[in-house]
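*Asks:* Mind having a look at this structure? Questions to follow.
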Amino acid sequence: MLPTLVAKPPEGDDWIHEVKLDGYRSQIVINGPDVRIYTRRGLDWSAEYRDLVEAAKALDVETAIVDGETIVTNDAGLPDFAALRRAITRRQHDLYFVAYDGMAEDQKLYRERPRIARRPAGEGKPAFALMGEPGTRKYVGSAFITLNREMRERLWKRVQEHAGPAPEGVKRQATTWVKPGLKGHVKHLRGEDKLRHASLLRVQEHCRR
């Protein structure tokens, strides 16, 4: 599905809106042990996306087609197209695959279900968490919020409860800043100065308000 430029976005319940990510549209095709990733034009880029292929093999599905976007993020957690092109050849572990839609035959995802029911969870919720070093205000990188729907809703409630002012001199749109009081447990690539290939696993309160 290719985008069409219009003067303003369509309105009404017949439309579903997605965030435009600056990357490469990709499609993962899983057929047992055979996993391939194709470009928008149908080229087999499995060799170029070898780390993503290995990650897809770990999914608990026998056969599936997953539509999405391959991206790389910068330190602010935003897609960086220039970095994406470099990562494909030099830093495979920096690649992310953001899924938009999927179909499978083993009841993990359903071909018969409408698109809105297949849509990944977390509409209207932040995609990234900007992380600070414990006990300081030092920014250490961003982490994908990969929690399930229930945990994302609980996280959003806690974020709202701990909402605070932005750090002095820092301006980021669509960001809710949090006062000290929440501790995030993050899985990330080791051996880097800042968080790389990071995902937020859980959040807990670690000090009094």
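*Asks:* Past 28 Å, Cα to Cα: identify those pairs from Lys57/Lys187; Lys157/Lys187; Lys8/Lys57; Lys20/Lys187, in the order given.
*Replies:* From Lys57/Lys187; Lys157/Lys187; Lys8/Lys57; Lys20/Lys187, over 28 Å: Lys8/Lys57.
*Asks:* May I ask you to compute the full-extension gain from Ala99 to Asp34, defined as 0.36 nm times their residue separation minus their alpha-carbon distance, rounded to one decimal in nm? Show your work: numbers first, answer last.
*Replies:* Details: separation 65, 0.36 × 65 = 23.40 nm, distance 1.91 nm.
Contour length minus Cα-Cα distance gives 21.5 nm.
*Asks:* Follow-up question, since we're still on this one. Restricting to DSSP loop positions (anything but H, G, I, E, B) with no more than 10 other Cβ atoms inside 10 Å of their own Cβ, which trypsin sites (Lys or Arg not before Pro) remain in the stretch 6-93?
*Replies:* Lys20, Arg41
*Asks:* Still on this structure, please answer the following. Can you send over the carbon and sulfur percentage of the accessible area for the stretch 16-57, probe radius 1.4 Å, protein chains only?
*Replies:* 51
*Asks:* Next up: With labels modelled as points extended 7 Å from the Cα through the Cβ direction, what inter-label distance (nm, one decimal) is found for Glu11 paired with Arg154?
*Replies:* Taking the two extended label points, one gets 3.8 nm.
*Asks:* For the stretch 10-90, which chymotrypsin sites (Phe, Trp or Tyr not before Pro) are in a loop by DSSP, counting at most 14 other Cβ atoms within 10 Å?
*Replies:* Listed in order of number, the matching sites are Trp15.
*Asks:* Full extension from Arg91 to Glu18: what is 0.36 nm times the residue separation minus their Cα-Cα distance, to one decimal in nm? Mind dumping the intermediate values first?
*Replies:* Details: separation 73, 0.36 × 73 = 26.28 nm, distance 2.71 nm.
Between Arg91 and Glu18, full extension yields an extra 23.6 nm.
The values are calculated or read from the model by the stated rules, or taken from the named source; none is laboratory data. Bear in mind that the values here come from a model prediction, so they are computed numbers and not experimental data. Cβ coordinates were reconstructed from backbone atoms using ideal geometry, including for glycine residues, and neighbour counts include every protein chain displayed. These area figures cover heavy atoms from the full protein model, side chains too; ligands, DNA and RNA do not enter into them. Shrake-Rupley method; radii C 1.70, N 1.55, O 1.52, S 1.80 Å.
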